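Data block below; observations after.
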Amino acid sequence: FKRDSMFVDPDFPPSVASLIGVDNLNNGGDAPPNITWRRLGEILHAPTVRSVDSKPMEFYSGYFTPSWIVNVFTALDGTGEIEDIVSPLEDGGLYGAYVVRLFVDGFWAFVLVDDFVPCAEDTGMPITTTSGNPNEIYPILVEKALAKISGGYYALRYPSRGSGTVMEKVWEDVSSSVTDIVDHRDDMIVKESTHANLQACVNNSSNSARVFAAGRAGGKFKDVGIFEGECWSVNYVSQYLAPGKRLSEQQYFYHVTKPTNLSDSIPNMTRTRERMLSALPYAAVEAFPDLDSHQPVGVTSFWLSDEDFFRAFSRTISFWHFNNTQRATMLGGFEGYAGCSGKMDGITKWLANPQYYVSFVQPSDIIIELKLLDRRLRKGKKIDGRRLQLHILKGPPLESRVTHVDDYVAASPMIDLHHDDDGGSSLMVGSAGGKAGAARRNKAATSGSVTTGGGGMSSLGGGGDTGSSLDHPSAVIRTSIPGGNYILVPSIGGESTEEFALKIVSVSAFYIKVLPRHNASSGTTATAPSAAASILTGGGGAIGGGSSMNTAAGATAVMDMTL
């Protein structure tokens, strides 16, 4: 900072490079026309980081903004993390400088930005994400910090393959939490158990997740505003069993909502709702809660049958946020684990992977995510693994590696890390893959032993938003387990140098330790590769703003209950 002058970020200045990225600029790219940079103090009468009267869903996407970022801000608005995401609250405008707190690679990082924002020349107003409260600036500043670490505003809307700038990664950036994704392709799911799991998630009284559905390409639902990539909120899932029908024949109905600022409004919305309701069983409709009569003006919402829900939307995305829970992030890597491979290559090779000893004090609902480290910070580095998966085994009484499997508890879906023929990536379910693996996985899920859904599927958003599991390689387990000792085994399908973060969220207190690796050639035990744990604790509110602790290789992380 210079005395008596406003701050200008030398690493992300108000320039063409910050708009389109250095690589695009070097390759002859031009800035979009009719755009100028202005400070927030020049645009707004009384810029305020966050207004206390701001309401959910009052966010508007801008020229550079992927449509899904509105959903991220909508979900963030109901969490405790929003209180500390931007600082200072009052005096940043005096110096033109703010700090945005983002969760990157297992730790909270602080991104310094100035208050220059791209604006339309004709109106002088920002063309980035804005709030319904005209003076509220935190969405503008958070988006600028995301653009800075992504390499430019264009990188948010048009991410290159492997860039890491996808919806699920951005949700982790702003919340430190987990995204759970369910692909709606027929070979990925057993629909009956998927409906039950989504119902439990959406209708959860604790409101620990916000569930969105991404529009499918094409189809008959464009006339009601469902377009490819745009995300709708899933507000409620209703269940109906017709008289004389078997339990397996019960039907599910989804209530979905989309703010019309994401696209053109739907004419005659009331008539459209009535037409869609008339196609559903009358007795089922009679049991629906009244969710439409009090919708604000401009909000599109209606009910869909379970069949139409899967036809209209390609996947559901659950943004989890956790209040009064225990959380830890362990950093580790596959480098140095000789002879390891995936589960399908044999027990001996599979158990040569890293192992983590976890002890839960009492029965607990848990979410555990295995993810490769941030691709945005490793530009040009290709993934050298094949199939990412996380496994939970029943653990021994002592803190030691397991060499055989007595009690296999759960597994995440298997994430294929290779490009397939069309340039995308795929999610493989279970060691068998395909419908058979999906059937076994979802059968287990109905009994509460393993999650439905996975991580790292395609990114979302229209207007050229593309991505794959290479952008945010992640495998998620969501389940309930008895108290006791367990072993976590991350695998990547072979020997690899990839680094990863292992994120654990639990209602119950827990203890976790990385176990020393076993040298298969000599039969000896060696010190585990360097690993660290980021411990996030807090009481009486949202977790994430509390203390952080690093642990050296082989050290332990002990979680104390703060319910």
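The values are calculated or read from the model by the stated rules, or taken from the named source; none is laboratory data. Predicted, not measured: the structure shown is a model, and the values here were computed from it. Ideal geometry is used to build each Cβ from the backbone, glycine not excepted, and the neighbour counts take in all protein chains shown. These accessible areas exclude ligands, DNA and RNA; they are computed on the full protein's heavy atoms, side chains included. Shrake-Rupley method; radii C 1.70, N 1.55, O 1.52, S 1.80 Å.
The residues on offer are 243, 267, and the sole one that is part of a loop (DSSP other than H, G, I, E, B), at pLDDT 85 or above and surrounded by fewer than 22 Cβ atoms within 10 Å (Cβ to Cβ) is 243.
Those helices (runs of 4 or more DSSP H) of region 16-121 in which at least 3 residues are surrounded by 17 or more Cβ atoms within 10 Å (Cβ to Cβ), considering only elements entirely within it, cover 16-20, 68-76. Annotation note: Cβ proximity below 8 Å between a residue of region 175-189 that is open to solvent by less than 10 Å² (accessible area, probe 1.4 Å) and in a loop (DSSP other than H, G, I, E, B) and a residue that is among the small types (Gly, Ala, Ser) and at pLDDT 80 or above (sequence gap 6+ or interchain) occurs for 184/314. A count restricted to region 498-526 and to residues that are of a type in the set (Ser, Thr, Tyr), at pLDDT 90 or above and open to solvent by 10 Å² or more (accessible area, probe 1.4 Å) stands at 1.
Would you confirm whether or not region 160-168 contains a residue that is charged (D, E, K, R) and modelled with pLDDT of 75 or more? Scanning region 160-168 turns up at least one residue that is charged (D, E, K, R) and modelled with pLDDT of 75 or more.
Of the numbered criteria (1) over 29 Å from residue 236 (Cα atoms); (2) at pLDDT below 75, the one residue 141 fails is (2).
Restricting attention to region 310-364, the residues that are open to solvent by less than 10 Å² (accessible area, probe 1.4 Å), touching a Phe, Trp or Tyr at 6+ places or on another chain (Cβ under 9 Å), modelled with pLDDT of 90 or more and outside any strand (DSSP E or B) total 4. If we keep just the residues of region 380-414 that are among the basic types (Lys, Arg) and in a loop (DSSP other than H, G, I, E, B), which is least open to solvent (accessible area, probe 1.4 Å)? Filtering region 380-414 for residues that are among the basic types (Lys, Arg) and in a loop (DSSP other than H, G, I, E, B), the one least open to solvent (accessible area, probe 1.4 Å) comes out as 401.
If you go through region 127-152 and pick out every residue that is touching a Pro at 6+ places or on another chain (Cβ under 7 Å) and outside any loop (DSSP other than H, G, I, E, B), you end up with 3.
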